[in-house]
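Notes follow once the structure below has been shown.
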């Protein structure tokens, strides 16, 4: 088991990554002296598989849990669903010492976290992410929120969990498309902060796609470690944390244009990362060869790297981008990549360049065999160049 | 003009109390380098009187304000109204560097503050309280929130404003019933923390009721100073801050039972404070004579000190109390008064005593002429026994 600390002063917490952790949920809550009444918020699919284990674990440790089930999918991140959760928490007499467990993927974590952040002016909450994407990204760092018609995550808070429990066993039942979408965030960590992780992914992708336990646990742990380091330095995204949005400016806009849920978040940001790499080639001299390497890794996973838009869709995309929270006073800013493992945030990008790259044909991905210098044996957890 | 600091580290801010301050709103926002786009959230009554001054002041300083008007009254503190505000902020392209101005009473401040706390994961906000209650209480300290059917303020956050502007001129047009309700919070500060303030109120109430500018400004400033001191020591109500809830446990329940808005908050907590004083007499030996003095001050203002309930209402009241956030694991806890100027929070009160006092006849209020030792000339701003 890996245990990673997110260093945030009095709000510090740990992420545990390993197998058979779900059954230890109750014990972990007890260790932190959480209140007696609690709600496990989950979606219908996850409830069927893991709801009972979670609830029984809590009961066995003396807690009084209630199970709140929301529909699966991005549409659950709505004010309507928030209102329904509030009512159920009140009905089950949750009060300020009570807590919420988010059991599920990113949607459940974002929704349940927002409910916890605002119910009774904020009650404790615990993240039990059951998808790869949630384990390496959304469950860590305290970003919680819901969508408005006008944009994704337009409403939310920075609200840290008391702890995160990543039970890798829950990934066994994850549909292959969702698993692959999670790998898009993993590749992101390589590009933004860790060239050794990126090289390892170029080599070890077959093992990761097979969900090999050792590869999976060390890679998930490394990603959490990188995210914890970034969040520890910039909790509320006043600067550095923006690097985690690499690929997300176009990614979020694509999700909005395609209708939330049609394109998975991981699929949208795979396209977004390749797009950002191409902008980086134009603006920062990021090598064309490395643009191809980036595209190649996503292709190995089976993720999209390009999207063809008609003029109407393109206009809709621009409209959506203008509502992105990273748009400040009308200027579109991107996270761009200088070299693999190092990015710069807040880069102003001219609109006509965005349009030009959107209209360009897809990148021809490099075959990985040609990407020299990769060393799969090098442990990503001991990357010597890494600041955290 | 009085300027009082709320000491909260990086979230510290000032409360300015004086005349003709509203027209300086834009300058104050500029001084803090707030973003260009902003929304002034207000209610219909306040919009008619002060909306234009606020908007013009902002425009004159280069800001781009939009005016959002909500219905007057407690019913505006709803999720539905929050959703409507979100949509209007998105429509007017407010983003993370934008800000919200809450222009109005406690309802507007709570609603607009909650919207600001959650829009785009939290944007800047400014409190411009225009009622006495909001100036001495709700605009200071960062409690924001809305009501659920299950209870008042069940949803909310601790979210501090960037500054508070109390323009005493806005009190001139305040209806007398609302003005009196605000005095209930002012009396509270005397009871919980400042016997000299209490004595001054016993003496100077006629002047306060006439809205005498000097009396009003020094009393409002003293209340803000007390509140700032308490909040500075305990921002999120893990302990001391609970003393500010003196009279609120029964008060909130009465509001819920009577239907929000029928009984003004100040009226409900006037009854609640006398009720808490009576419980204190039973449990802490608080002198019967002082229970009478407490009742007498509220009566001087013209506030209710007692409510007669039928058995059905009493049951409803108990049900409402059980949903109060100050209820922890089923035990009803009150803030009780040891002596005027000193209270204890978290006092467990047996349910049968609550019932007994609820059924008892009203307190016979003491006439103020008999309350010896009061010294109206003593400045409440220099109360020598005060820690803040």
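A short reminder: the numbers here are calculations on the coordinates, not readings from a lab. Values in this document were obtained by computation on a predicted structure and should not be read as measured data. We place every Cβ from the backbone using ideal geometry, glycine too, and count neighbours over all the protein chains shown.
What shape does region B:207-310 have by the C-alpha gyration tensor, where a ≥ b ≥ c are the square roots of the eigenvalues, rounded means a/c under 1.5, and otherwise prolate means a/b greater than b/c and oblate the rest? Rounded, since a/c falls under 1.5.
Computed from label points 7 Å out along Cα-Cβ, the spacing between residue A:233 and residue B:59 is 4.5 nm. Each stretch of four or more DSSP H residues adds -39500 (n - 2.57); spread over every residue of the protein assembly as shown, this sum gives -13500 deg cm²/dmol at 222 nm. Working value for chain B: equivalent-ellipsoid semi-axes of 34, 24, 18 Å, each the square root of 5 times a Cα gyration tensor eigenvalue, largest first. A straight line joining the Cα centroids of region B:203-264 and region B:1-38 runs 21 Å. Here residue B:59 yields copy-to-copy label distances, from shortest upward, of 6.4 nm, the label point defined as 7 Å from Cα along Cα to C-beta.
Applying 1/(1 + (r/R0)^6) with r as the Cβ-Cβ distance of residue A:75 and residue A:5 and R0 = 51 angstrom yields a FRET efficiency of 0.90.
Of A:93, A:177, A:293, the residue with the greatest mean-square motion in the GNM of chain A, using alpha carbon springs below 10 Å, is A:93.
Largest mean-square fluctuation among A:117, A:360, A:228, in a Gaussian network model of chain A whose springs join Cα atoms under 10 Å apart, belongs to A:360. Position residue A:319: other-copy label points at 4.7 nm, ordered by increasing distance, label point 7 Å along Cα→C-beta. Per residue of B:87-94, other chain Cβ atoms within 10 Å of the residue Cβ number 3 on average.
Label-to-label distances for residue A:150 across copies, nearest first, come out at 2.9 nm, using points 7 Å from Cα in the beta-carbon direction. The simple Förster model, with R0 at 25 Å and r as the Cβ-Cβ distance, assigns residue A:24 and residue A:93 a FRET efficiency of 0.45.
I'd like the distance between the alpha-carbon centres of region B:273-316 and region B:68-128, rounded to an integer number of Å. So the separation of the two Cα centres works out to 36 Å.
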